[in-house]
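Below is one structure, written out as structure tokens; the observations come after it.
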Amino acid sequence: MAVDTQDRPAATTAENGPTAEQDSRFQRYRIRTGMFAWIMHRLTGVGLVVYLIIHIWGLKSLSDPETFNALIAKYHSPIFKVGEFALLVAVAYHAMNGLRIVLIDFLGWSPKQKRLFVTLGAVTALIILVGGWPSIYSLGEWLFGPGTMPSLFL
Amino acid sequence: MAASKSNALNWFLHRITGTFLIFMLITHFWVQHYDHQVASVTHEVVTEKGEMPDYPDAAKEGVKAKMGNDVEATPYNVVMQRLADPVYAVLWKGFNILFLIVALHHGFYGLNNVLTDYIRDPMGRLVARSLSWTVALGLLIIGLYSVITAGW
Ligand code: HEM
Ligand code: HEM
């Protein structure tokens with residue numbers, strides 16, 4: 001499904017020629033990026049479903065203070081800090097690529113695809129850096145000792 | 001795609017739920033990681049088993065003000081500032097319930113798309129579909145229960 005939107009041939013060649021026969025460089029590049037974007041969207045989507053299942057299951061502990069405290073304390077162990085960062089990367093990518101698909105589908109932004117792709121890529125990087133700073137910061141403090149990381153805006 | 005009359009509607013809904021999730025996830029992320037008073041996760045790594053994370057002063061004061069001077073800022077109490085608040089609990093629980101429904105619908109509808117792509121046999125599709133929506137329903141019930149009864 002996603003392939004349809006991303007591989008939609010440019011308006012001038014839209015009539016019949018199948019995309020495989022267009023050998024202009026630009027077109028090939030776009031297909032490859034589109035495929036990759038689509039596969040990553042699928043992987044992150046499924047990953048998030050897995051996380052959501054574990055998350056809701058874990059939140060049963062909301063009914064018991066002791067269990068809940070243990071759960072959140074676990075979220076502070078080193079490996080979970082890494083996981084937290086990976087989760088953010090998955091969410092940020094999936095959200096921004098999803099937004100891109102929605103904008104193309106609903107607002108017909110396909111002529112602006114390339115610019116949209118680059119802009120949202122930059123926004124994604126920003127979300128990951130700003131949103132991921134708490135995890136990076138806490139891992140750094142733990143690895144290199146207290147006070148070694150700039151706390152910046154935290 | 002297996003022909004179903006509601007496919008177009010579901011396709012549309014999937015885009016709507018996705019867009020909603022952007023705003024809900026931003027809120028969720030802010031509340032759990034950034035807000036100094038109510039974030040359940042702090043900027044700290046804990047390695048000892050049974051050790052609790054240390055919360056910022058804003059959180060400690062918030063918990064004291066709401067639950068009494070001798071109450072400690074444990075993760076549970078920090079979250080209960082919102083979920084057991086006499087006024088805002090309804091708002092937060094409402095938000096969480098909406099979030100729960102939207103995330104489950106989006107996630108499991110998406111999962112079904114993926115399954116339909118890889119499972120060719122109609123019977124297999126039906127089994128996969130029924131199974132995944134059963135799991136989703138189970139999670140909905142568990143999630144509703146946890147968030148509604150939290151802080152009672
Ligand atoms: C943060 C905001 C989100 C946005 C804007 C968004 C957007 C989208 C869109 C537009 C699609 C359809 C792609 C297509 O038809 O090709 C999609 C697919 C999907 N989404 Fe999301 N989504 C978001 C969050 C989530 C979350 C939190 C989960 C998991 C619980 C999730 C799981 C999935 C899955 C499993 C698919 C199917 C992937 C596929 O068919 O290849 N999404 N998303
Ligand atoms: C490490 C990151 C995360 C942490 C620490 C976290 C923590 C929490 C906590 C403590 C709650 C309890 C309710 C509340 O405090 O208001 C909650 C609820 C919820 N979270 Fe997360 N969360 C995280 C990431 C996510 C992600 C990525 C998703 C979406 C896929 C998500 C979906 C939900 C949902 C749907 C609820 C409501 C559950 C219910 O009603 O039972 N969370 N989260």
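Every number here is computed from the coordinates shown, using simple stated rules; none is lab data. All of these numbers come straight from a predicted model, not from anything done at the bench. Cβ atoms come from the backbone with ideal geometry, glycine included; neighbour counts cover every protein chain shown.
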Checklist entry - Compactness ratio of the protein assembly as shown: Cα Rg over 2.2 N^0.38 Å, N = residue count? => result 1.15
Item to check | Residues B:V63, A:V123, A:V50, sorted so that the one with the fewest Cβ neighbours within 10 Å comes first | outcome: A:V50, A:V123, B:V63
Checklist entry - Going by alpha carbons, how many degrees (0 to 90, nearest 10) lie between the helix axis of B:122-149 and the longest principal axis of chain B? => result 20
Checklist outcome for this item: For chain B, longest principal axis from Cα atoms; helix B:57-67 axis from its Cα atoms; angle between them, nearest 10 degrees, is 90
Item to check | MRE, 222 nm, helices only [DSSP H, n ≥ 4, -39500 (n - 2.57), over chain B, to nearest 500] | outcome: -23000 deg cm²/dmol
Next on the checklist: A 30 angstrom limit on the alpha carbon distance is what I want to check against. Which of A:K60/B:K66; A:K81/A:K114; A:K81/B:K60; A:K74/A:K114 exceed it?
Outcome noted: A:K81/A:K114; A:K74/A:K114
Checklist entry - Roughly how tilted is helix B:88-118, in degrees to the nearest 10 and between 0 and 90, from the longest Cα axis of chain B? => result 30
Checklist entry - What net charge is computed for the residues neighbouring B:K60, neighbours being all others with C-beta under 10 Å from the C-beta of B:K60, Lys and Arg scored +1, Asp and Glu -1? => result -3
Checklist outcome for this item: When A:K112, B:K49, B:K60 are arranged by how many other beta-carbons sit within 10 Å of their Cβ, fewest first, they go B:K49, A:K112, B:K60
Checklist entry - Using a simple spin-label model with points 7 Å from Cα along the Cα→Cβ vector, what separation in nm is obtained for B:D70 and B:Y145? => result 3.4
Item to check | log10 of Debye I(q)/I(0), alpha-carbon scatterers only, for chain B at 0.10, 0.12, 0.18, 0.21 Å⁻¹ | outcome: -0.51, -0.67, -1.08, -1.29
